[in-house]
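Take a look at the structure set out below.
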Amino acid sequence: MQERISGALSPATPDPLTSPTFQEYAEGWLKGKVGVKDATLVSYRGILNNHLIPYFGEAIISDIQREDIQCFVRDLIKKELSPKSVSNTLLVLHQILDDASLTGKLRSNPYIKIERPKIGNLKLIAFNPMRSAFS
């Protein structure tokens with residue numbers, strides 16, 4: 001019984017030979033989402049197809065490190081994605097990595113203190129046809 005308890009307290013190191021790729025895991029994660037609106041699933045699918053799978057797809061999920069995620073953020077910023085789009089993409093990535101951690105595919109979630117662009121307060125400026133374009 002002591003062996004079983006100590007095994008439960010210390011997470012097993014994921015085996016790279018049996019660990020899935022990021023794409024394999026992410027596809028399963030998305031298929032397993034329940035109680036999520038169709039529009040949200042469509043959004044998640046777009047984020048996976050357009051950003052996460054092209055960048056992390058072939059990587060073994062247990063090999064992804066914090067530095068890889070931070071480089072990914074810089075890459076998204078270079079592509080001139082809005083801070084909101086970067087935030088949405090990172091939200092999905094964080095959820096996938098959390099799930100992989102909970103299922104034992106990751107020893108710990110590498111998504112820790114990731115620096116990302118701030119989402120500022122947007123000011124809406126009403127169009128005034130009486131105002132000159134140059135004033």
Q: Output yes when any residue across region 91-105 is exposed (fewer than 15 other Cβ atoms within 10 Å of the Cβ), touching a Pro at 6+ places or on another chain (Cβ under 9 Å) and of a type outside the set (F, W, Y), and no when none is.
A: yes
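Within region 119-132, identify whether any single residue is modelled with pLDDT under 95, in contact with a Pro (Cβ under 8 Å, 6 or more places away or on another chain) and farther than 28 Å from T18 by Cβ, and answer yes or no.
Within region 119-132, the subset modelled with pLDDT under 95 is 119-132.
Imposing the further condition that a residue be in contact with a Pro (Cβ under 8 Å, 6 or more places away or on another chain) reduces the set to 119-120.
Cutting the leftovers down to farther than 28 Å from T18 by Cβ gives us 119-120.
Taking every residue of region 119-132 in turn, at least one turns out to be modelled with pLDDT under 95, in contact with a Pro (Cβ under 8 Å, 6 or more places away or on another chain) and farther than 28 Å from T18 by Cβ.
Quick grid of which residues meet (1) touching a strand residue (DSSP E or B) at 6+ places or on another chain (Cβ under 7 Å); (2) charged (D, E, K, R):
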position	(1), (2)
G28	no, no
R45	no, yes
N50	no, no
A59	yes, no
D63	no, yes
I69	no, no
Q) List, please: which pairs have Cβ atoms under 6 Å, are six or more places apart or on different chains, and start with a residue in region 90-111 that is over 13 Å from I64 (Cα atoms) and acidic (D, E) and end with one that is part of a helix (DSSP H, G or I) and at pLDDT 95 or above? A) D99/W29
Q. What number goes with the only condition from (1) modelled with pLDDT of 95 or more; (2) of a type in the set (V, I, T); (3) exposed (fewer than 12 other Cβ atoms within 10 Å of the Cβ) that V34 does not pass?
A. (1)
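The values are calculated or read from the model by the stated rules, or taken from the named source; none is laboratory data. No experiment lies behind these values; they were computed from the predicted model shown. Every residue, glycine as well, gets a Cβ built from its backbone with ideal geometry; the counts of neighbours run over all protein chains shown.
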